[in-house]
Each structure stands twice: as structure tokens, then as C-alpha cells.
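First the structure, in the form of C-alpha cells, and then the observations on it.
The values are calculated or read from the model by the stated rules, or taken from the named source; none is laboratory data. Quick caveat, the model's predicted, so the values are computed rather than measured. Positions of Cβ are backbone-derived with ideal geometry, glycine not excepted, and every protein chain shown enters the neighbour counts. Keep in mind that these areas ignore ligands, DNA and RNA; they rest on the heavy atoms of the full protein, side chains included. Shrake-Rupley method; radii C 1.70, N 1.55, O 1.52, S 1.80 Å.
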Amino acid sequence: MNDFKPIKHFDGSRKAYGQQSRVEDTRGAAEDFRREMLAGPKVRYFESFDLVTVPYPTRYGLRNAFSRERWVEFLHIRNRMFVVQFDTSDGLKTLLVSPSDHERGEETPYFRRLVDSTPSFLVNYIARRHTTVPQILQRIGLKPEDIDYITYDHLHTQDVRRWLGTNEEDALFPNAQLLVHWREWESALDLNPYQADWYCPQGIHGIPAEKIIQFDGSIMLGDGCALVHTPGHTEGNHSIVTHTDEGLWVTSENGISVDAYAPQLSRISGVADYANTIGTEIIINGNTLENAVDQYISMVQEKTIAGPSQRDARYPNVFPSSELTPFWLFPGTRPSFYVGNAKHGQLTKP
Ligand SMILES: [Zn+2]
């Protein structure tokens, strides 16, 4: 299909019968993979951009760990897009990571019900639109035809029709293809009701087959850029790993804050206590719990690949694609470590 290089490190790392054995086998594989990736080249360019900030239930985002759950029902998460450029044997490629079409994503059943049951002045005050994907591209000087690939760690709430086109609608990014784990694609076409509540009903409807690249396992896309299968939050979830001057950034939505990957250090109400009491090293983002054992393994895998942050070495270098962001209306939710934004290298205009 294409010359993406398979990553073999994680083959069989989840095969042990014991649950913690799977965690340790995967941690070891992640250490090997991290060493290999750090010894290789970096991406040419990586930059994060804020898209939208929305409310999200604390009982999901900080599963069982947030002690004020009964009084503070919501927290704020900020959705980000990342623009990445990397070299391949076929030249420089431009990738958009998590380009959410938030003008359309509101049709996701869970969020539709939330919006419908909340006074509109409150919705407008709490949900904040910073910018849109086309506005970001225009600002940094990329043309729609410059985009080679788009990808999402998973397809919850996503509507990709405007970007890729359908039988009725031209593609805004005429050369872009969606990179998606085959399990995510197959799930999204045939959903369990608990999962269906989080997918945009028509979000992938009518996309021409040649616009979709389904991959298996984990792959290197090019120099310094990898997609690593990290199932749990969804079966076909993957994390995006980019090698930059700040080390390896690892992005997904398995956890909603760096604090979720280092809960013992967290000052979010109750989180450190909870982590110490049950002995967990991560806090899962638990709106969909069907595969929580795998999600635990995947979060250990992610923080091991990421390694220590150069901003504060006590924390792992993960960059949640939806990051818990402090907001005065939601007391007790301020994370101890906040990534905010990151930039590496310079954009090349193709
Ligand atoms: Zn999700």
C-alpha cells in the first residue's frame, strides 16, 4: 500500500495472562522503542494550536480520582491541533494531527444532549472557540492542497467530511488522506451503543475509499514521526509520537492531563490521595470503559515512550490532544503541570 515502516517492538507485549505482566512487558518494549527513536532523526516542524475549549464531566476525565466530583460536575478541556512536517523517501510530508471540525462535531449524541439541556448563555460562556482549522492554515501560510495526511488519535466526535470530501461535497484538502488504525475504522462503521454515544453519527459517511489509509499495528510515517497503537480509550486508538528538540512528544486522549500520567504529584483535588490509596500510576480518561485494562497498559506505554519532560523532569513528556485547562468556575481542577503549547523547527511551504 505505501512504504510506512512497521514498528515491531510491541508485537506480543500484551500476550501474558497476568494483567501486570502485560504492563511490564509493554513498559520494556516502550523503553526499547524510545531509545531507537531518540537515536534517529527529528521531524522538521511541529507546532500546537488551540482550537476550542469545552466542558467535560469530571467523573469521566479523572475517573474515580477527583474528590469534588459531587459539587464540581465539569472540568475544561482544550482541544489542540498539531501541524507536523517530516521527511520521507518520497519527500517532505505535511500532517495535521487532530484537526477537529468543531463547527460540525456538535452532533455527537452525548454533546448534543448536553447542549440541549443547558441554557444557551451558559453554553456560550463555557464553550470557547479559539479558531478553526482553515484559519490556522491561512495564518501560518499553508494552502489546503499542501496537506498530505490527517490523523486523529481516535474518531470520537470527529467529522472528517469537509476535509476529505464525500460524493456530495468537494474536499477542502484535495490531496489529504486519513491515517487510521483499521480497528478504529471498522469500529466507527459498526458501533456498540456505549461507543456510539461519542461518535459523530455521519462523521465518516460517504468518504471515498482512496482517501482512507488503514494501518495495522504501529508504524513510522517518516523521519521522527510514528503512530503507535495504544488501545483502550477505543479499540483502534493510536498515539502520535514526534521527535523534536524537546524530546519525544506523545499525544492521545487516553489521559486528559499530564497529571493523569503522574498522579502522585497532582494537586488536583483528591488525585494524589486516590493514586496512592489504590496504587495506580495513571488516571484513565473513562467516558468509555469497555477496554480499561488495555487503556492502563497504553498509558504506561505512552509515558514510557515520552520519557521525562525538559520543562520539569518529574513529569512525562505527554501532550494530551485534549488538555485539562484551569477555569474559575470549576474549582479544584487546576493541574500541577500544564503543557499549553509547543513548537519545534520551522514550517516549510511546499
Ligand atoms: Zn474519546
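Within segment 165-213, the set of residues being among the hydroxyl-bearing types (Ser, Thr, Tyr) and touching a helix residue (DSSP H, G or I) at 6+ places or on another chain (Cβ under 8 Å) comprises 187, 199. Restricting 246, 235, 210 to residues that are farther than 18 Å from residue 96 by Cβ, without any contact (Cβ under 8 Å) to a residue 40 or more places away in the chain and not aromatic (Phe, Trp, Tyr) narrows the list to 210.
Residues in segment 289-321 that are part of a loop (DSSP other than H, G, I, E, B) and either away from the ligand (no atom under 16 Å from the Cβ) or surrounded by 20 or more Cβ atoms within 10 Å (Cβ to Cβ) (or both): 12 in all.
In segment 60-110, how many residues are assigned to a loop (DSSP other than H, G, I, E, B) and not small (Gly, Ala, Ser)? Total satisfying the criteria: 17. Residues that are loosely packed, with under 13 Cβ neighbours inside 10 Å and within 19 Å of the chain's Cα centre (by Cα) within segment 198-226 comprise just one, 216.
Number of residues in segment 113-153 that are outside any loop (DSSP other than H, G, I, E, B) and either among the hydrophobic types (A, V, I, L, M, F, W, C) or closer than 24 Å to residue 165 by Cα (or both): the value is 21.
For segment 154-161, the count of residues that are out of contact with any strand residue (DSSP E or B) (no Cβ under 9 Å at 6 or more places or on another chain), more than 16 Å from the ligand (Cβ to nearest atom) and acidic (Asp, Glu) is zero. The set of residues from segment 322-350 being open to solvent by less than 10 Å² (accessible area, probe 1.4 Å) and among the charged types (D, E, K, R) comprises just one member, 323.
Okay, residues lined up against (1) open to solvent by 10 Å² or more (accessible area, probe 1.4 Å); (2) of a type in the set (Asp, Glu):
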position	(1), (2)
61	no, no
65	no, no
70	yes, no
74	yes, no
81	no, no
93	yes, no
96	no, no
102	yes, no
106	yes, yes
